[in-house]
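Enquirer: My structure is below; once you've seen it, I'll send some questions.
The values are calculated or read from the model by the stated rules, or taken from the named source; none is laboratory data. From a predicted model like this one, the values you see are computed outputs, not experimental measurements. Cβ atoms come from the backbone with ideal geometry, glycine included; neighbour counts cover every protein chain shown. Quick note on the areas: whole protein, heavy atoms, side chains included, nothing else; ligands and nucleic acids left out. Shrake-Rupley method; radii C 1.70, N 1.55, O 1.52, S 1.80 Å.
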Amino acid sequence: EVSVSELGLGYESDETVLFRYCSGTCEAAVRSYDLSLKSMRSRRKIKKEKVRARPCCRPLAYDDDVSFLDTYNRYYTVNELSAKECGCV
């Protein structure tokens, strides 16, 4: 649980929300594309800072929208905030 203000989305609110996130390695999802990209980077054909040469663990689905009041009594709804299902992409 974190406060809405801690999310870094620009809202000022002391209300708390449940924030679920994805993490982990995705070595089992490595494809030919990832291997070729890694090879090109090692040969300096592509600058390293421009691409990632491995799949990322990211949300595949999100929990329901989150609604809250800010410190000025304005009502907001944020969608796609908390991960419901994760996978390698």
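Enquirer: Within segment 1-29, work out how many residues are in contact with a strand residue (DSSP E or B) (Cβ under 6 Å, 6 or more places away or on another chain) and part of a helix (DSSP H, G or I).
Expert: Total satisfying the criteria: 2.
Enquirer: May I ask you to verify whether Y76 is of a type in the set (F, W, Y) and in contact with a strand residue (DSSP E or B) (Cβ under 9 Å, 6 or more places away or on another chain)? Working first, answer last.
Expert: On the way: of a type in the set (F, W, Y): yes; in contact with a strand residue (DSSP E or B) (Cβ under 9 Å, 6 or more places away or on another chain): yes.
Here the answer is yes, as Y76 does meet what is asked.
Enquirer: If a residue has to be more than 15 Å from the chain's Cα centre (by Cα) and at pLDDT below 85 to count, how many in segment 53-68 make the cut? So that I can check it myself, show each step before the final result.
Expert: Kept after step one, since they are more than 15 Å from the chain's Cα centre (by Cα), are these residues of segment 53-68: 53-54, 64-68.
When the remaining residues are screened for being at pLDDT below 85, the result is 53-54.
So the count comes out to 2.
Enquirer: Also, quick follow-up: Which count do you get for residues in segment 30-89 that are part of a helix (DSSP H, G or I), open to solvent by less than 100 Å² (accessible area, probe 1.4 Å) and among the aliphatic types (A, V, I, L, M)?
Expert: Number of matching residues: 2.
Enquirer: Now for a separate question. Could you check how many residues of segment 1-29 are open to solvent by less than 100 Å² (accessible area, probe 1.4 Å) and free of Cβ contacts under 8 Å to residues at least 24 places away in the same chain?
Expert: Number satisfying all stated conditions: 6.
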